[in-house]
Amino acid sequence: MAAEIGGFTAARMAAPALRPAAPPPPPQPWRAVAARSLRTVAAETLTADLAGGTNGALHAQMNSEATTEITSLAVTANSRRKTKIVCTIGPSTNTREMIWKLAETGMNVARLNMSHGDHQSHQKVIDLVKEYNAQNTDGNVIAIMLDTKGPEVRSGDVPEPIMLQEGQEFNFTIKRGVSTEDTVSVNYDDFISDVEVGDILLVDVKAKSSDTVKCEVVDGGELKSRRHLNVRGKSATLPSITEKDWEDIKFGVENDVDFYAVSFVKDAKVIHELKDYLKGANADIHVIPKIESADSIPNLQSIIAASDGAMVARGDLGAELPIEDVPLLQAEIVQTCRSMEKPVIVATNMLESMINHPTPTRAEVSDIAIAVREGADAIMLSGETAHGKYPLKAVKVMHTVALRTESSLYNSTTSPGLVAPAQALYNEFSPSQLSKMFGSHSTMMANTLRTPIIVFTQTGSMAVLLSHYRPSSTIFAFTNEERVKQRLALYQGVIPIHMQFSDDAEETFSRAISCLLKAQHVKKGDYVTLVQSGVTSIWRDESTHHIQVRKVQG
């Protein structure tokens, strides 16, 4: 039986009857997603009510019938890329035309690198991104991330590049304005205190005086003006948030950016300090620490616990720590974020060669695939889109490689590390535990039936939870909060859509489906998994949680 409700047909299993399975579909080309090869299985509808009675028992009704119709008409599970793409905006892409093209090609987050440009140039980009978002209401949302410069130690200006030869002695001094064949100034007064004899800088440190560090060149090369200096295994004793950073953070508050990427975070204290400031400014902006300093690794757990996610900033991480440790640290950071249900971005050098060349190296393609396979929520382009010659091609390559990699992943047998395990409840349980159980089983149901998931959220928590479980299908997250919509743009597999909610649940469901039909995210006859759960209830009673499978009516 099927009952039409608010423009849907709700699947009802009152009289279960097994029907013979339909023959498998014809072979698909290699670009076809792995989900198409799934066998037809029994469709399952679960409606669970947490009774308000004295015993608080959980009553669940589970009925199933084999339905090839659902499987054959379902939206293809992996037809959309789930891993998000962060693009750094710079001279190559800071026009209206290019931002529109980046968004259409695959950009999900626009990154403002405060190490370059000024507030006026960044204001222009912010205004353009907001203009794009105002014109696109079908789920193609572009979030804005402000990336602080942080405490950088750099060499001074040189009239022309200095060629350093292996074995040559070379000096760095804290005296300002020095530039000779064998000595260059440094912009950091405590450089002498931080560096010890035997440290590895760009060169080996041999000795130091009150204002100069004497070095021996290990690997020769060209030294240009304002080069970033790292001491292997050490971080500079500078504050993570500088005076310039605070000015930039204030600029971000004034412009309602969605995320701060905070450079050179060493401990959780920095995160708490920034969050306290944002709370005092009544600013709803999430904080993403960049894990890029040696000091951050021992404090990794506490930093991520205090934050709203993390970025694996591999450039400086590989400069301060042995380069062979970077892949292991990347995997550890990704796994730590996933275990805490927080988004993680893998950044730096992903398509570095495409700054000057129209095609990537095979190693770069593998690098993207590894980040996707590890479960990163987002992957980032820096110079490739900021000042590269082929910014749109770089985004297209990243999109294509991520999509192709994802097509092989969503199988709990072949990729157990990506698909989060189902949750079990023991003894007493809290509302958050119950939400986790429903998030887990909603994912299981959507994966079985190969249907997209629709969730309505005011805080974003249920959409985030569903993203954590990595369903093979798309999560359409409808929210009546603009800030929540923007924030969800970073989460893997989530397409956030802003829509005002009606007091009538069925009317809202119907409008949501109309929105998806109009944007061609679904079509008539498709099935969707509808989730009504979460810590904050919308329409339902506090004690009632629902998972429904509905058929879309035109």
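The values are calculated or read from the model by the stated rules, or taken from the named source; none is laboratory data. All figures in this text were calculated on a predicted structure; none of them were measured in a lab. No Cβ is skipped: glycine too gets one built from the backbone with ideal geometry, and neighbour counts run over all protein chains shown. Accessible surface areas use protein heavy atoms only, side chains included; no ligands, DNA or RNA. Shrake-Rupley method; radii C 1.70, N 1.55, O 1.52, S 1.80 Å.
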Scan around Ser293 for amide H atoms under 5 Å from its own, H built in the peptide plane at 1.01 Å from N, and keep only partners 5 or more places away or cross-chain. none
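Do you know the relative contact order of the stretch 162-223, to the nearest whole percent, from alpha carbon pairs under 8 angstrom that are 6+ apart?
Reported as a whole number, the value is 42 percent.
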Under the rule of at least 5 residues apart or a separate chain, name every residue whose amide H is placed under 5 Å from the amide H of His521. none
Would you list which aspartates and glutamates come within 17 Å of Lys101, measuring only between C-alpha atoms, while excluding same-chain residues fewer than 8 positions from it? Asp127, Glu131, Asp138, Glu384
Computed E for Ile323/Glu131 - FRET, C-beta separation, R0 45 angstrom, nearest 0.05: 0.60
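How much length is gained if the chain between Asn187 and Lys524 is pulled fully straight, taking 0.36 nm per residue apart and subtracting their Cα-Cα distance, in nm to one decimal?
Numbers: separation 337, 0.36 × 337 = 121.32 nm, distance 6.35 nm.
Once the chain is fully extended between Asn187 and Lys524, it gains 115.0 nm.
Percentage of Cα-Cα pair distances in the stretch 162-223 greater than 16 Å, rounded to whole percent?
So the pairs more than 16 Å apart make up 37 percent of the total in the stretch 162-223.
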Calculate what fraction, in whole %, of the accessible area of the stretch 237-303 sits on carbon and sulfur atoms when a 1.4 Å probe is rolled over the protein chains. 49
Tell me, what HN-Hα J-couplings in whole Hz come from the Karplus equation 6.51 cos²θ - 1.76 cosθ + 1.60 at θ = phi - 60° for each residue of the stretch 374-386, using x for Gly and Pro? 6, x, 4, 6, 8, 10, 10, 10, 10, x, 4, 9, 6
How large is the convex hull of the Cα atoms of the stretch 431-552 per residue, expressed in Å³ as a whole number? 91
Distance in nm between label sites at Asp256 and Arg226, each 7 Å beyond Cα in the beta-carbon direction? 3.3
Using a basic spin-label model with each label point 7 Å from the Cα along Cα→Cβ, how many nm lie between Lys206 and Ser353? 3.8
For the pair Asp219/Glu169, report the inter-label distance in nm, with labels modelled 7 Å from Cα in the Cβ direction. 2.5
With x for Gly and Pro, the residue-by-residue ³J(HN,Hα) of the stretch 279-286, computed from phi through the Karplus equation 6.51 cos²θ - 1.76 cosθ + 1.60 at θ = phi - 60° and given in whole Hz, is 5, x, 8, 6, 10, 9, 10, 7
With all protein chains present, calculate the accessible area of Glu482 using a 1.4 Å probe and round the result to the nearest 10 Å². 80
Give the carbon-plus-sulfur fraction of the accessible surface of the stretch 162-223 in %, rounded to a whole number; probe 1.4 Å, heavy atoms of protein chains only. 46
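Using a 1.4 Å probe over the heavy atoms of the protein chains, calculate the carbon and sulfur portion of the accessible area of the stretch 77-136 as a whole percent.
Values: 1090 of 2310 Å².
That fraction is 47 percent.
Show Ser514, Ser472 ordered by accessible area, largest first, where the area counts protein heavy atoms only and the probe is 1.4 Å. Walk me through the numbers on the way to the answer.
Values: Ser514 65, Ser472 5 Å².
Ranking Ser514, Ser472 by accessible area, largest first, yields Ser514, Ser472.
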Taking the alpha-carbon distance from Lys524 and a cut-off under 16 Å, which aspartates and glutamates remain once sequence neighbours fewer than 8 residues away in the same chain are dropped? Glu4, Glu69
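Using every Cα-Cα pair within the stretch 475-521, state what percent have a distance larger than 14 Å. Write down the numbers at each step before the final one.
Working: 544 of 1081 pairs.
Result: 50 percent of Cα pairs exceed 14 Å.
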Tell me, what is the FRET efficiency for Ser121 and Gln553 to the nearest 0.05, using R0 = 60 angstrom and their Cβ-Cβ distance as r? 0.75
